[in-house]
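Novice: One structure follows; several queries about it will come next.
Read the figures in this text as sums done on the coordinates, not as results from a lab. The model shown is predicted, which means the values in this text are computed figures rather than measured ones. Glycine also receives a Cβ, built like all others from the backbone with ideal geometry; neighbour counts cover every protein chain displayed.
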Amino acid sequence: MYRCVVDTPEDHLIRLFKNYMGPEQLADLIHKHLKNNLSVEERERLEGWLKEGDNREHFTRMTDEEYLLQGLTILHEAELSRESDKSHMDWNGASGSARVLPMGFPIWYKVVAAAIILLLFVGGYFYLSHNRTYNKSRTGEQIVARKNVLLPGGNHAILTIAGGGKIVLDNASNGLLTKQGTTSVVKLSDGKLAYNGSTEKASTTEYNTISTPRGGQYQVELPDGTNIWLNSASSLKFPTAFNRKDRSVELEGEAYFEVAQNASMPFYVTANGVRVNVLGTKFNVNAYTDEPNAKITLLQGSVKVQVDQAGSLLKPGQQARVVAGKIDLIKKADLDEAMAWKNGKFHFNNASIETVMRQLSRWYDIEEVRYEGARTANTFTGDIDRDYSISDALKILELSNVHFRIEDKKIMVLP
Amino acid sequence: MPGYSDSELVEGFLNGEKKAFEELYDRYYNTIVRFCFSMTKNMEDAKDVALSALTILFKKHKDFNSLTHIRAFLYLTAKHRCLDQLKSTHRLAERYKKYFETKLHDPQETFIDQVDGELFRILYKSIQQLPPQSKNVIKLLYIDELKYQEVADLLHLTVKNVYNMRNYALKKLRESLSSLSLLSLLYTMVFSFFY
């Protein structure tokens, strides 16, 4: 084996490339440093880089063991949802599909989102793609009379504990809130409450209630590992420890459930006269009393919906609508619609103005919606992000021949 | 990942091949989520931002000609989206806004963000498994950002147990780094022996 001693142009190029330090090359050097495995030449290159600017500071941070452990923990956590999050990707978007969601745009162009909405008018489909560029604050001023009213909702909730005490979760700092019998109640960083019980059985069952105001949402993890996402203007009553034959919770309003499997302890949700018998699964319950019907939508697993004596077993993708004690089974439910709130969106599919306004009211805490003049018969189809300001949301709706006026916390709907 | 070299990946991406998209998604999803978490301190937000940054990237797939360019765009977009997210939830103090916005356009910052991301990608590939016993503890410490006392209360452990479990995780991390170095040392030794 012998090496060519003459420096050919190729060798020169290779050397140039070798010395080029892009992010991969630097990361590789730092990795080798961590492994204590740098060659002399590599060490020199790293040292050279460290002399520039703030690099040493960054290097110290990146090689801190706690920092690395935290990063790896997060990567590991992300890995758990990598596959399932793939289904949220709009792969076809790249090849120019017509369905474009307002996902947000880089602000360095000083152009904020474009609203493209499909409008469905009575008497036929009429698609209108309207690419809107706007300056957020300016449009804000056009419709909103005063700032800071009708803001989009966030992670707000109140916890009522067994003794009757109330904890406002927005103000409480993260960490242990209270102990309920043998169960610890902990507030986690991302608008989530966790209950963690000991294995020993408590002698009495205590109940807690978590309530979200209008414009609030919250997530609770029960001691059995069940996760529940509560939409705005909703409340959930649940035992702080499951030590009976079954797991029962009571819901008002809307929530999405991911129930931990436990065949020996069935899970029940009671909402507005409807009982849902659960067998380890993911589903949404919409049971607002001001909505015309209660909707139970199943994503995964199996649930049985019961009203009085009538019962209906749901398969994934199906929805049960309960009106006046009767169950209607929708074989192919609009899952996007049912899950939109949890995914940070409003999703309207052929919805009347009243339906739209009821949903907006709960999220933006609108006190009253008043209809002036002839009520529009148009229906609305499309998505609006829940983090839009109310004026941006109304602007999008105004594209379909309806107009709004905001007065304090009231909204007038005009033809 | 088998099948794709970097240049093939870029070409497939340019042509809008779904397989190339998926490969890029698999390569960067985790690290972008971590990058976003470092700003938003919220796992759900971080995942949302990662998904939307990737979506934006895929929509613009015709505009890129190298992996470096793709990655830079991804990090920059994610950073912008995180900033927007923080603003919209009123979690960004006024005095930080200016700082963030000036840093946003600093090419050196974006470069460092990528070094950081690539480092985690390499580490994650080489380490893969986190020590299972203390996984729960480090998750509560580093993702939910609870205090030692709180983790102890939650898991019905003593504070000392929690410390020990964290230290165990750190030890494992160190070990997996050095065992690799041993292996590669062995490898270079064998290699040099033959030449």
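Novice: Give the lysines reachable from A:Lys315 as a straight Cα distance under 21 Å; neighbours fewer than 8 places away on the same chain don't count.
Specialist: Result set, ordered by chain and number: A:Lys282, A:Lys295, A:Lys304, A:Lys326, A:Lys331, A:Lys332, A:Lys342.
Novice: Cα to Cα, under 17 Å, and not fewer than 8 places away if on the same chain: which lysines meet these conditions relative to A:Lys166?
Specialist: A:Lys179, A:Lys187, A:Lys192, A:Lys237
Novice: Still on this model: Roughly what percent of Cα-Cα pairs across segment A:154-339 reach past 23 Å?
Specialist: 40
Novice: Would you mind ranking A:Val369, A:Val40, B:Val151, A:Val356 by Cβ crowding within 10 Å, fewest neighbours first?
Specialist: Going from sparsest to densest Cβ surroundings: A:Val40, A:Val369, A:Val356, B:Val151.
Novice: Want the number for A:Tyr207 to A:Arg82: 0.36 nm per residue separation, take away the alpha-carbon distance, what's left? Provide the component values of the computation, followed by the final result.
Specialist: Working: separation 125, 0.36 × 125 = 45.00 nm, distance 3.56 nm.
Separation in residues times 0.36 nm, less the Cα-Cα distance, equals 41.4 nm.
Novice: Taking A:Lys409 as the anchor, which aspartates and glutamates have their alpha carbon closer than 12 Å to its alpha carbon, excluding any fewer than eight residues away along the same chain?
Specialist: A:Asp365, A:Glu367, A:Glu368
Novice: Hey, got a sec? Which GluC sites (Glu not before Pro) in segment A:200-251 land in a DSSP loop and have at most 12 other Cβ atoms within 10 Å?
Specialist: Qualifying residues, ordered by number: A:Glu200.
Novice: Tell me, B:Lys125, A:Lys282 in order of fewest to most beta-carbon neighbours within 10 Å?
Specialist: B:Lys125, A:Lys282
Novice: Let me ask something else about it. Once you place label points 7 Å from the Cα toward the Cβ at A:Glu367 and A:Ser189, how far apart are they in nm?
Specialist: Taking the simple label geometry, A:Glu367 and A:Ser189 are separated by 3.8 nm.
Novice: Mean projection of the alpha-carbon convex hull of segment A:345-414 over all orientations, in nm²?
Specialist: Quarter of the Cα hull surface area: 4.0 nm².
Novice: For a footprinting-style exposure proxy, rank A:Trp229, A:Trp49 by other Cβ within 10 Å, fewest first. Walk me through the numbers before you get to the answer.
Specialist: Values: A:Trp229 21, A:Trp49 18.
Starting with the residue having the fewest Cβ neighbours, the order is A:Trp49, A:Trp229.
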